[in-house]
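Sharing a structure below in C-alpha cells format, with a few things to ask.
The values are calculated or read from the model by the stated rules, or taken from the named source; none is laboratory data. Just so we're clear, the structure is a prediction, and the values are computed from it rather than from any experiment. As a convention, Cβ positions derive from the backbone with ideal geometry for all residues, glycine included, and neighbour counts pool all protein chains shown.
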Amino acid sequence: IPGLMAGCIPLDSMRQSTLECLYNQSCVDAISLQPKILRSKALNPSLSEFSLNSTIGSLFDESLFVETWKNESSFENYFTACEPQSLSYSYKKRFHLGTIITMSLNAFGGLVTAWELIIPAIVLIWQRIKWKKRQNQQSTTAENTCVELEVTKMAPKPINKESSIKTLEEFFLLIAVTVHVRRTIHNFNLFPSDNKNDPEEERIGIIATRLYIVLILTGLIVLGFYTSLLKHSHTHTVRKPSLSKFEELYSMHSSTLNCPCSRFSMSHGRVMSLKPRYHSICSSEFIEDYWLNYFGDVEIDVHSVRFLSSDFRVSGQSFFELMRTLCKTSYETIENALTVFRSNRLVTMYALSRSQFDIETMTRLKRFEQQTINSFLNLIELVRSSIKTNQLVEEMLTNAGPSSQFN
C-alpha cells in the first residue's frame, strides 16, 4: 500500500507513513475489497494545505493536524473594553498676526535699549569722519528755513477772484500745517546737542535720529518675519472619543496622540477569537468504528508467523486506531489550551491603533500555537521513550511474539 509503513512499533511506523493512499480512490478501494467493509470515499486533496506526501509525523509535529487557524479578533471590542475617557494630541502651527504684533511690541523695548547704546558710537564715528573731511575741504551748508519761501514754492496758481475767501484761508492753513509737519519730521532729533547754536551738531543729531528710526523699523520687520516662520506646539483634548474619531485623529497625529484606557486589562476571549480547522483525516470515515471493526475481525494465528507487522490486516488496526487517538488527543489538547488562552489578560495602558492591535494579537496567537504544539510533543516523546525503555509488548504483537523451546 503506497505511503503506509509497517513496523514493530505502530507509533513509529505511523509517523513515517503518508496519507497519499487515502487521497487515491483506487487505493482506498483496494483496502476496502473485503466483504465486511463498506466502500469509503477518498480524502479530498483540495481541502488540505499540506503536501500529499507529507508524513503523518510532520503533520502532527508542525501543527497537531491543524490545517489553518481562523483569527476573528475584533478591534471594535477591544476599543469598547479599553473605554478611553479622553484623548489628547499636539500639533504645530504658525503664530497669528496678532501674536506676531504682540511679540514684536514686547521686543521693542529691547531694541530701543540696544540702539540707544549703538547710536552714540555711530554718531561719534560720524563726527570724526566729518572733522577730518573739514580739515581737507572747507564747505558750507545753508539751510533755508523760511516758512514764507516754502509757502511761495508750494503756493498754487492764482485762483479765480470769484473763489471764496474761506476756501482760500483753509487752503493756506493746510499749506501751513503741511509745512510744519515736514519741518518737524525733517528736524526731528532724539539726540540734541548741548550746544544748540552749532548747526553741524544739530545736523548730526538729526542724521543719528533717522538712522535710529530706520534700525528700529528694520529690527521690527526682521523680528516679525522671523516670528511668522516659527511654529508653536498646541495641545488639544477630546472627551470620550468614539472609535471613528480616534482612528481619524490617529491617522493625522499618530506621533503625538495620547489616549489612556480607563480599563487597562481585558480577557483574550473578549477581544480575540481563534478557531482551528483540522485535517480532513480527523473527520473522515477512516477513524469511524465500522472501518476499525473490519481489522478487529481478522483472526490471527500466532503459531503460523512470528511477527505480523508486515500484514496490513494486523498493522492497519493499530494504524487507524492510533490515528483516531491522535486526532482526539489533538482536539482535546487544543481546546483545553484555548480555554486557558481565553482567560489570559491583555494589558494596555494606552489605546492601541488598529495596526498595532493586529500585530499584538498575531504575536500572541503565534506564541500560543507554538507553545501548545511544543508542550504536547514533549508528552508524546515521553510515551515513546517509555515504550522503548520498558520494552512493552504491543497488543497486536507487532514488536514481539511468543517463543517456546523444548528439550
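Kindly indicate the residue of the stretch 307-325 that is outside any helix (DSSP H, G or I) and of a type outside the set (A, V, I, L, M, F, W, C) and also modelled with the lowest pLDDT among those meeting that condition. Walk me through how you get there before you give the answer.
At the first step, the residues of the stretch 307-325 found to be outside any helix (DSSP H, G or I) are 307-311.
Among the residues that remain, those that are also of a type outside the set (A, V, I, L, M, F, W, C) are: 309-311.
Values: 309: 49, 310: 53, 311: 57.
For the stretch 307-325, the residue satisfying everything is 309.
Are there any pairs, at least 6 apart or on different chains, whose C-beta atoms fall under 9 Å, with the first in the stretch 25-51 and in a helix (DSSP H, G or I) and the second at pLDDT below 70 and among the aliphatic types (A, V, I, L, M), and if so, which?
Pairs that qualify, where the first residue is in a helix (DSSP H, G or I) and the partner is at pLDDT below 70 and among the aliphatic types (A, V, I, L, M), are 31/37.
Determine if the stretch 77-88 includes at least one residue that is among the small types (Gly, Ala, Ser) and loosely packed, with under 15 Cβ neighbours inside 10 Å.
yes
Could you tell me whether residue 343 is surrounded by fewer than 12 Cβ atoms within 10 Å (Cβ to Cβ), at pLDDT 60 or above and either in contact with a Gly (Cβ under 9 Å, 6 or more places away or on another chain) or under 30 Å from residue 72 (Cα atoms) (or both)?
Spelling it out, residue 343 is indeed surrounded by fewer than 12 Cβ atoms within 10 Å (Cβ to Cβ), at pLDDT 60 or above and either in contact with a Gly (Cβ under 9 Å, 6 or more places away or on another chain) or under 30 Å from residue 72 (Cα atoms) (or both).
Does residue 76 qualify as being part of a loop (DSSP other than H, G, I, E, B), acidic (Asp, Glu) and assigned by TED's automatic domain parsing to the domain that holds residue 349? Write out each step before concluding.
Numbers: part of a loop (DSSP other than H, G, I, E, B): no; acidic (Asp, Glu): yes; assigned by TED's automatic domain parsing to the domain that holds residue 349: yes.
Criteria not met by residue 76.
Sticking with this structure for a sec: Given (1) within 30 Å of residue 81 (Cβ to Cβ); (2) at pLDDT 90 or above, identify the lone condition not met by residue 328.
All conditions are met except number (1).
For every residue, the table says whether it meets (1) outside the structural domain of residue 19 (by TED's automatic domain parsing); (2) closer than 30 Å to residue 87 by Cα; (3) surrounded by 14 or more Cβ atoms within 10 Å (Cβ to Cβ).
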{"site": "318", "(1), (2), (3)": "no, no, yes"}
{"site": "322", "(1), (2), (3)": "no, no, yes"}
{"site": "348", "(1), (2), (3)": "no, yes, yes"}
{"site": "362", "(1), (2), (3)": "no, yes, no"}
{"site": "367", "(1), (2), (3)": "no, no, no"}
{"site": "372", "(1), (2), (3)": "no, no, yes"}
{"site": "375", "(1), (2), (3)": "no, no, no"}
